[in-house]
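Chemist: First the structure, then my questions, so here it is.
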Amino acid sequence: MKVTIVGAGKMGRAIGTRAVAGGHEVEVVDRDPAEAGKLAEELGGGATALEGDAPFGGDVVVFALYYPGIKDAVSQYSDRIAGKVVVDITNPVDTQTWDRLATKPGSSSAEEVAGLVPEGTSVVKAFNTTFAPTLAAGEVAGHALDVLIAGDDEAAKKKVAQLASDAGLRPLDVGPLSRAQQLEQLGFLHISIQEPLGLGYASTLKLHS
Ligand SMILES: NC(=O)c1ccc[n+]([C@@H]2O[C@H](COP(=O)([O-])OP(=O)(O)OC[C@H]3O[C@@H](n4cnc5c(N)ncnc54)[C@H](OP(=O)(O)O)[C@@H]3O)[C@@H](O)[C@H]2O)c1
């Protein structure tokens, strides 16, 4: 499949690395075209940088951006994401306090984004519980990373699950898009224990049964 990554930062690099490893086509978009070009070159595997107002080629569009900026970007790129699968990877932490999320109780970034996308566009929550360095590596201590996925469109979730499994990761469908509320809290918890437990953003959350 073809994947468009909006945001040539740490997570854009990590998800791009995994997508290329899984044999998928990647195109990168950034507000700085030079950054998109640099990342595309670094990713290799035929990855390209998309310039100007060219339509997005990906069936899946990953917004590797911060909250609440993701909401402006989704509106900005509205015409170019219509009918596609939009992936929200954000951990919308309130960066004023660092002790809560910035979203309203009973909502999530992903649900807010779902309220902004054009009709026929599906929103999937994924990758927010994995840190960029571990995601780029694909594993921690020999264990494939778990990618927790939430969404209301089964076909859309299957596409994101395929992307993860082709990349050597373990996708886990955790339910409807409203589960993004718990995923965002889980991502926040994982972030908030890094310093106290001295984990250095090298840990991963893993389900064993
Ligand atoms: N880092 C992690 O380990 C991690 C783990 C899980 C989830 N997340 C989530 O992933 C998201 C991205 O985090 P990150 O660490 O990858 O951030 P980052 O390194 O700052 O990357 C974001 C990139 O997107 C660019 N950008 C911002 N607005 C844009 C727009 N409208 N159109 C195109 N490009 C735009 C930024 O450009 P500028 O530099 O010019 O602003 C920057 O290059 C966040 O929501 C974060 O909560 C991160």
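The values are calculated or read from the model by the stated rules, or taken from the named source; none is laboratory data. Nothing here was measured: the structure is a model prediction, and the numbers come from that model. Positions of Cβ are generated from backbone atoms using ideal geometry, with glycine treated the same way; all protein chains shown enter the neighbour counts.
Chemist: Pairs needed: first member in region 1-17, within 11 Å of ALA47 (Cβ to Cβ); second member anywhere, within 9 Å of the ligand (Cβ to nearest atom) and of a type outside the set (A, V, I, L, M, F, W, C); C-beta distance under 7 Å; at least 6 residues apart or different chains.
Modeler: Close Cβ pairs (under 7 Å, with a partner that is within 9 Å of the ligand (Cβ to nearest atom) and of a type outside the set (A, V, I, L, M, F, W, C)) amount to ILE5/GLY12; ALA8/ASP30; ALA8/GLU35.
Chemist: Just wondering, is there one or more residues in region 65-73 that are in a helix (DSSP H, G or I) and without any contact (Cβ under 8 Å) to a residue 40 or more places away in the chain?
Modeler: Taking every residue of region 65-73 in turn, at least one turns out to be in a helix (DSSP H, G or I) and without any contact (Cβ under 8 Å) to a residue 40 or more places away in the chain.
Chemist: Exactly one condition in (1) more than 10 Å from the ligand (Cβ to nearest atom); (2) modelled with pLDDT of 95 or more; (3) part of a loop (DSSP other than H, G, I, E, B) is not met by ARG80; state its number.
Modeler: Answer for ARG80: the failing condition is (3).
Chemist: In addition: Being more than 16 Å from VAL123 (Cβ to Cβ), of a type in the set (Gly, Ala, Ser) and exposed (fewer than 13 other Cβ atoms within 10 Å of the Cβ) is the filter here; which residues of region 76-103 pass it?
Modeler: If the condition is that a residue be more than 16 Å from VAL123 (Cβ to Cβ), of a type in the set (Gly, Ala, Ser) and exposed (fewer than 13 other Cβ atoms within 10 Å of the Cβ), then no residue fits.
Chemist: Being over 17 Å from ALA8 (Cβ atoms), more than 10 Å from the ligand (Cβ to nearest atom) and of a type outside the set (D, E, K, R) is true for just one of VAL93, VAL113. Which residue is that?
Modeler: Sole residue among the options that is over 17 Å from ALA8 (Cβ atoms), more than 10 Å from the ligand (Cβ to nearest atom) and of a type outside the set (D, E, K, R): VAL113.
Chemist: Also: Which one of the conditions (1) outside any loop (DSSP other than H, G, I, E, B); (2) more than 30 Å from PHE188 (Cα to Cα) does GLY45 fail to meet, given that it meets all the rest?
Modeler: Of the numbered conditions (1) outside any loop (DSSP other than H, G, I, E, B); (2) more than 30 Å from PHE188 (Cα to Cα), the odd one out for GLY45 is (1).
Chemist: Quickly run through region 116-131 and pick out the residues that are away from the ligand (no atom under 11 Å from the Cβ), among the small types (Gly, Ala, Ser) and under 15 Å from the mean Cα position of the chain (by Cα).
Modeler: SER122
Chemist: Still on this structure, please answer the following. Take the residues in region 172-201 that are over 18 Å from the mean Cα position of the chain (by Cα) and among the hydrophobic types (A, V, I, L, M, F, W, C), then tell me which one is nearest to the ligand (Cβ to nearest atom).
Modeler: LEU199
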